[in-house]
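Before we start, here is the structure in question, set down as structure tokens.
The values are calculated or read from the model by the stated rules, or taken from the named source; none is laboratory data. Just so you know, these numbers come straight off a predicted model, no measurement behind them. When we count neighbours, we look across all protein chains shown, and the Cβ atoms used for this are built from the backbone with ideal geometry, even at glycine.
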Amino acid sequence: TLSDRLADTFKNLRGKGRLSEADIDATAREIRIALLEADVALPVVKEFVGAVKERARSEEVSGALNPAQQIIKIVHEELVTILGGETRRLRYAKSGPTVIMLAGLQGAGKTTLAAKLALWLKDQDKTPMLVAADLQRPNAVQQLQVNGDRVGVPVFAPEPGNGTGNPVEVARASIEEAKRRLHDVVIIDTAGRLGVDQTLMQQAADIRDAVQPDEVLFVVDAMIGQDAVTTAQAFLDGVGYDGVVLTKLDGDARGGAALSIRSITGKPVMFASSGEKMTDFDLFHPDRMASRILDMGDMLTLIEQAEKAFDSEQALKAAEKLGTKGGFTLEDFLQQMMQIRKLGSMTKIMGMLPGMGQFRDQLENFDEREIDRIQAIIQSMTPAERENPKIIDGSRRARIAKGSGRQVSDVNQLVDRFFEARKMMESMARGGGMPGMPGMPG
Ligand code: GDP
Ligand code: MG
């Protein structure tokens, strides 16, 4: 996926102190491939990569961020920009019902979306009405009625007097009905074809002219990739629209379609639909989508976890203990190891986390099983030994080795490492701040 490729790209940057021209070029190349593979249209890719490159070159090398973080930040910000920046909200009519018309190919998800949108509006104290203006497919009207029932929103359907068989008449009649019944929003579901065709376009344009919608929304399946752009352009020329709704975002689509459509048509993506449930629907948030494309959401969670695990309070507590009786013990050492272990699964991205750059090398060489061994050895010690490791002489070492199923040399190594860690803790207590990870196995 796009996210995976970008992640690989960023990984290569992690060891670097600053971005060289060659780094920027190489990264730009990777981003370009990643975007093309995600079905983002070529002109959009070019524009995007150009913008990222220029910024990467011109920006000051940040003291707070390493090069990978810096590139991530730039890419994220450029993604937000290309996705439209701010969330575009619905415009309601100043008087009378707000008319929203849906257009798009068959199977795009219009009928499903109509009901989702109705529910979303209802939750905001609107009184929407759905209109079945798709008279093409045999079951289209019934499908909308079923969906309308699910969300508790009335459906205006053709019947004698409403313009049977003529979607334009049905749509026109629905507005009058909405006024009579004081519905404040009308959502018109229209027919789609499997491909772009002139009859379909003309029908949609006729409905548009008849009802003068406040918003025409182009509904598009995010999973169709490059075709989304062609279709979006065809509907823009044939019917015109104010905003875009991306559906089926629960599939593999990671936003390639969204990136292309917004920047090629200039129309904002307004809503995102992401599943079979009626509540799988929300305003489209460019920043969230950008995070999703970059997988930043996961990363932010990990940053939180990392911060918790590396809680400076913990370090402080350990340092404080040095001033009290007993000092830093093997028990504390074990606790520290367990904390590091919590970070085990995150080692991959450690270099990207703020402030974690200094632990990067240690964590990259970090072996989780090492902690298991350390734990086994410490647990084979008596409380007195853990409290005061100085008493661990030759015979005790032999006993501990036997008890933990390790070699005496392993025990020796651990004890040495402990004393080393203790020395670091002591200097830390004196000087303040965290130096490296004390006693980190490596
Ligand atoms: P329409 O022809 O444009 O009216 O499209 P429909 O609303 O009938 O949807 C076509 C198919 O896509 C149906 O099987 C829907 O259940 C499904 N569908 C619609 N929206 C979504 C979505 O957001 N996620 C998933 N997974 N399926 C969807
Ligand atoms: Mg439909």
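Can you spot a residue in segment 189-212 that is under 17 Å from residue 270 (Cα atoms) and either away from ligand 1 (no atom under 12 Å from the Cβ) or in the same structural domain as residue 43 (by TED's automatic domain parsing) (or both)?
The answer is no; no qualifying residue exists.
In addition: I'm told residue 6 meets every condition in (1) exposed (fewer than 14 other Cβ atoms within 10 Å of the Cβ); (2) at pLDDT below 75 except one. Can you identify the failing condition by its number?
All conditions pass for residue 6, except number (1).
Starting from segment 30-56, keep only residues that are closer than 21 Å to residue 230 by Cβ, then list their pairs with residues that are polar (S, T, N, Q) and modelled with pLDDT of 85 or more whose Cβ atoms are within a distance under 6 Å, requiring at least 6 positions of separation or different chains.
40/260; 41/260; 44/260; 44/263
Going by what's in this entry, would residue 109 be described as in contact with a Ser or Thr (Cβ under 7 Å, 6 or more places away or on another chain), modelled with pLDDT of 85 or more and within 16 Å of ligand 1 (Cβ to nearest atom)?
Spelling it out, residue 109 is indeed in contact with a Ser or Thr (Cβ under 7 Å, 6 or more places away or on another chain), modelled with pLDDT of 85 or more and within 16 Å of ligand 1 (Cβ to nearest atom).
Let me ask something else about it. Please go through segment 99-141 and pick out each residue that is within 11 Å of ligand 2 (Cβ to nearest atom), more than 25 Å from residue 233 (Cα to Cα) and surrounded by fewer than 24 Cβ atoms within 10 Å (Cβ to Cβ).
139, 140, 141
How about segment 177-192: which of its residues are within 16 Å of ligand 2 (Cβ to nearest atom), buried (at least 24 other Cβ atoms within 10 Å of the Cβ) and not polar (S, T, N, Q)?
Hits for segment 177-192 are 187, 188, 189, 192.
Now for a different question. Counting only residues that are touching a residue at least 40 places away in the same chain (Cβ under 8 Å) and in contact with a helix residue (DSSP H, G or I) (Cβ under 8 Å, 6 or more places away or on another chain), give me the helices (runs of 4 or more DSSP H) lying completely in segment 365-407 with at least 1 of them.
Result: 368-379, 383-387.
Those residues that are of a type outside the set (Phe, Trp, Tyr) and surrounded by fewer than 18 Cβ atoms within 10 Å (Cβ to Cβ), I need them from segment 75-98; list them, please.
Within segment 75-98, 76, 77, 81, 85, 86, 87, 89, 91, 93, 94, 95, 96 meet the criteria.
So, one more: Would it be correct to say that residue 141 is within 18 Å of residue 177 (Cβ to Cβ), away from ligand 1 (no atom under 13 Å from the Cβ) and in contact (Cβ under 8 Å) with a residue 12 or more places away in the chain?
no
Which residue, of 225, 195, is among the small types (Gly, Ala, Ser), at positive phi and surrounded by fewer than 20 Cβ atoms within 10 Å (Cβ to Cβ)?
Exactly one of 225, 195 is among the small types (Gly, Ala, Ser), at positive phi and surrounded by fewer than 20 Cβ atoms within 10 Å (Cβ to Cβ), namely 225.
Let me ask something else. Give just the number: which of (1) under 17 Å from residue 84 (Cα atoms); (2) away from ligand 1 (no atom under 16 Å from the Cβ); (3) of a type in the set (Gly, Ala, Ser) does residue 232 not satisfy?
Result: residue 232 passes all but (2).
Can you tell which of 256, 275, 266 is out of contact with any strand residue (DSSP E or B) (no Cβ under 6 Å at 6 or more places or on another chain), within 16 Å of ligand 1 (Cβ to nearest atom) and small (Gly, Ala, Ser)?
Among 256, 275, 266, only 275 is out of contact with any strand residue (DSSP E or B) (no Cβ under 6 Å at 6 or more places or on another chain), within 16 Å of ligand 1 (Cβ to nearest atom) and small (Gly, Ala, Ser).
Considering only segment 227-241, state which residues are of a type outside the set (A, V, I, L, M, F, W, C) and in contact with a Lys or Arg (Cβ under 7 Å, 6 or more places away or on another chain).
241
Still on this structure, I have one more. Here's a check for you: in segment 145-173, which residue that is surrounded by 24 or more Cβ atoms within 10 Å (Cβ to Cβ) and farther than 22 Å from residue 124 by Cα is nearest to ligand 2 (Cβ to nearest atom)?
Going through the qualifying residues, I end up with 167.
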